[in-house]
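To start, the structure under review is shown below, and the notes come after it.
Read-outs throughout are calculated quantities, based only on the coordinates presented, and are distinct from any laboratory measurement. No experiment lies behind these values; they were computed from the predicted model shown. As a convention, Cβ positions derive from the backbone with ideal geometry for all residues, glycine included, and neighbour counts pool all protein chains shown.
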Amino acid sequence: MADLPTSRSSHEVFLEDCLPRLKQLSHNLWWSWTPTSRQVFEVLDQTLWRLTHHNPVKQLQQIQSERLQHLAEDVVFRRRYVEAFKSFDDYMAAKDHWFGTKHSVHASSPIAYFSAEFGLHNSVPIYSGGLGILAGDHLKEASDLGVPLVGVSFMYRQSYFRQVIGLDGYQEAKYENLDRKDLPIQPALTESGEQCRVTVEINRRSVACVVWKIFVGRACLYLLDTDVPENSPEDRVLSARLYGGDRSVRLGQEMILGIGGVRALRALGIHPKAWHANEGHAAFLHLERLQEFVRNGVSITKAIQYIRQNSVFTTHTPVEAGHDFFSHHLIADYFSGFWERCGLTQQEFFEFGKNPNDSVGHFHMTALGIYFSSLVNGVSAEHGRVSRRMWQCLWPDRQEQDVPIRHVTNGVHVPTWIASEMNHLYSKYLGADWMTKSDNPAMWQGILDVPDSEIWEVRQILKRKLLNFITHRIRMGWTGGRFQSDQVLAGGAFFDPYVLTIGFGRRFATYKRANLLFRDLDRLRAILEDQWRPVQFIFAGKAHPADEPGKQLIHEVYRYAQSRDMSGRIAFIEDYDMHVAKFLVQGVDVWLNNPRAPFEASGTSGQKAALNGVPNLSVLDGWWKEGYDGTNGWAFPTTTEELDEQAQDDHDANVLYDVLEEQVIPLFYQCDQDRIPHGWVSIVKNAIRTNGPEFSARRMLKEYVDKFYVPLLDSNSELSDRVGSIESAS
Ligand SMILES: *Cc1c(COP(=O)(O)O)cnc(C)c1O
């Protein structure tokens, strides 16, 4: 290093500034929902961008220095770069955001949000499906609105799993070890500058975990990780897989999340003023807080009262199997010593997780979450109703309608789910700042001014992008030697951009009935093969590896996709994840959802579709019960008669075929002289105009803040001195 030049060229200076800042940007997921910033990474090296599956952290490790030299001299890149950083710095420094303006007194009251999964971006695979995506959207929107939310979850070493469909048409689960250096995570440091470490006693062992953090705009997500050398081999993999392992692994994980999560926040010097458990997995957080209070001399009764006074619980499913419970025996082992420390008897402790409808007497996580929360909600109006019925047993002296479970209907983070082509169109007609007003119905009226030809053209482009994506996947499968010809067929090789394309992407849980469409094959074939008005369907989705009926459903649908009988008009896309979901919800013509009502708590994929001008064709359940207005898509009523499941499926399938044949298909193919289906476009516009504002995460988060967080923060202020001093002493 003896002969460093004394005066450096401007591009050397640029490079020196560039890399550290690019690294900083790659370590804040804000880049993923901000087009100007995403473009910086896209153009950095387009091939590498694709090869790393849009992972800027990996890209920066692999990019060649000649390429960077070249970019440093490129005026266009430099301008892009400067703009991206200006908006990043402005975003991070802003004080005039919604929360800061409306609720300034609470601007520095952290709200903890615990969730077993967060779907933020494909390059951070710590999610499995709807629940995680919802949590991710919640956190991103909190960042955008300036809500002081702090997320707590897991750093899963092997994430959920990648789905491959074998030659026999069955799903295979592939697990890969994630390399932490490829992720935008960094050690969460305590005040002393060490990586935060906590321990949790599980079944008389002391399990250690380290804590990582990810920046999500202004918000921060903390991730617990048990893969540390001092743990036994089985404890090291405790946090390896999302929803993996048996009951005891699940219990261990949930103890780490709840108990370890609270301890991690304490160790980091974060003292939340409100606590939100997203689904039952996180509910043990209350037990740790109980323990803290008792240790500090607060009576059990008072402690429970304090905890309730600042806790929110959100339940996410009416499906029984979606509610975790554990045997008393297992709980007694895993929590041994816990109740004594709290001055409780074992029986009193078990009462916290008691579900009166369960005669066997398990420990129920939803019951626990509800017990310790003064505010409880479901995720759509219908789900609120269903939950009140389901959990009335916890309030035996109340009428069903008086059960204190409310609802906040889910919504989606608009900047994450909007196609860039749609974003351009909306910027042109709704104003450049349209995204900041995404929950304002009046703003969305402007969509009616968009010429039909323009919106139709964008829809065609997005459909072609989807079909290109599918073709690329097939090519990779084929050239990689994995695909035989019938898998090429099943992948959608014969898909046609001029044909009405209907998408179905979601978990293959049985209640979602992915095979409903195949109930009457003759009728379906007639629809697919129609010479003048054909239809094609794309399916995608994973089944939980332990869900045999769900895997059977995939096999069934995949077999149809492989069959010549279906005219090449049924496709199954492997490995449904956020990346595939984006192409699907943006690119198809119609989004299909036909669960067995009333089991869809909300559903959010249809909201993403509507936002992009893809109308829904759905059972009136979950969010669609609120979203459908007769002009913005199609609803098919399921029968109100008491039928067995077979008869119900027959009935619903027939209604589905009727709606397709009588309404959806004719309207799509009914074009004027200008070759534009104006009737269809009017439905597209209504879907955007009505569903856009109502099912945005912005509307959702403001509701959580105004109905739940702020009332808790307000009611706590009188208590907060006392509680606060106890909590910070812990
Ligand atoms: C949005 C989304 C979901 C949730 O879809 P539902 O409509 O709730 O079934 C699941 N998985 C992925 C990858 C998603 O993007």
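General remarks:
- Applying the Karplus relation 6.51 cos²θ - 1.76 cosθ + 1.60 with θ = phi - 60° to the stretch 542-556 yields 3J(HN,Hα) values of 9, 10, 4, x, 9, 8, 4, x, x, 5, 4, 4, 4, 4, 5 Hz, where x marks Gly and Pro.
- Remark: the Gln399-Val228 segment gains 56.5 nm on full extension, using 0.36 nm per residue and subtracting the alpha carbon distance.
- Alpha carbon convex hull of the chain, volume per residue in cubic angstrom: 179 Å³
- Selection among Phe313, Cys342, Ser380 by position relative to the dipole of the stretch 295-383 gives Cys342 as farthest towards the positive end (Cβ unit charges, Cα centre).
- Residues whose placed amide H lies under 5 Å from that of Ile202, excluding near-sequence neighbours: Val207
- Charge tally in the Cβ shell below 15 Å around Asp644, where Lys, Arg are +1 and Asp, Glu are -1, Asp644 excluded: -3
- Computed over the chain, relative contact order equals 12 percent, with contacts defined as Cα pairs under 8 Å that lie 6+ residues apart.
- For the chain, leaving out every one of the chymotrypsin sites (Phe, Trp or Tyr not before Pro) that falls in a DSSP loop and has at most 16 other Cβ atoms within 10 Å, the longest unbroken run is 176-493.
- The chain: calculated mean residue ellipticity at 222 nm from DSSP helix runs of at least 4, using -39500 (n - 2.57): -12500 deg cm²/dmol
- Across the stretch 626-643, rounded Karplus estimates of 3J(HN,Hα) from the backbone phi angles (6.51 cos²θ - 1.76 cosθ + 1.60, θ = phi - 60°) give 8, x, 7, 10, x, 10, 10, x, 9, 10, 10, x, 8, 5, 8, 5, 7, 10 Hz, Gly and Pro being marked x.
- Dividing the mean sequence gap of close Cα pairs (under 8 Å, 6+ apart) by how many residues the stretch 415-695 holds gives a relative contact order of 22 percent.
- For the stretch 10-93, the relative contact order is 34 percent, taking Cα pairs closer than 8 Å that sit 6 or more residues apart in sequence and dividing their mean separation by the residue count.
- The packing ranking, built from the mean of other Cβ atoms within 10 Å per residue, places the peptides 203-209, 177-183, 233-239 in the order 233-239, 203-209, 177-183, highest first.
- Amide hydrogen neighbours beyond the local backbone of Lys354, cut-off 5 Å, H modeled: His364
- Largest first, the extents of the alpha carbon coordinates of the stretch 292-350 on the three principal axes equal 40, 29, 15 Å.
- Separation of the stretch 169-188 and the stretch 601-622, taken as the distance between their Cα centroids, equals 29 angstrom.
- Under 20 Å from Lys86, Cα to Cα: lysines that are on another chain or at least 8 residues apart: Lys23, Lys95, Lys140
- Seen from Cys196, the other residues with C-beta closer than 12 Å to its C-beta sum to a net charge of +1, counting Lys and Arg as +1 and Asp and Glu as -1.
- Most positive-pole-ward Cα, Ala490, Tyr81, Ala610, against dipole of the chain from beta carbon charges: Tyr81
- Hz values of 3J(HN,Hα) by residue in the stretch 38-55 - Karplus curve (6.51, -1.76, 1.60), Gly and Pro given as x: 4, 4, 4, 6, 4, 8, 3, 6, 4, 5, 4, 4, 5, 5, 8, 6, 6, 10
- Around the amide H of Phe284, modelled in the peptide plane, lie the amide H atoms of Gly258, all under 5 Å away and 5 or more residues distant in sequence or on another chain.
- Cα centroid of the stretch 431-471 to Cα centroid of the stretch 212-227, whole Å: 33 Å
- Charged side chains reduced to their Cβ positions (Lys and Arg at +1, Asp and Glu at -1) give the chain a dipole of some 1280 debye around its Cα centre.
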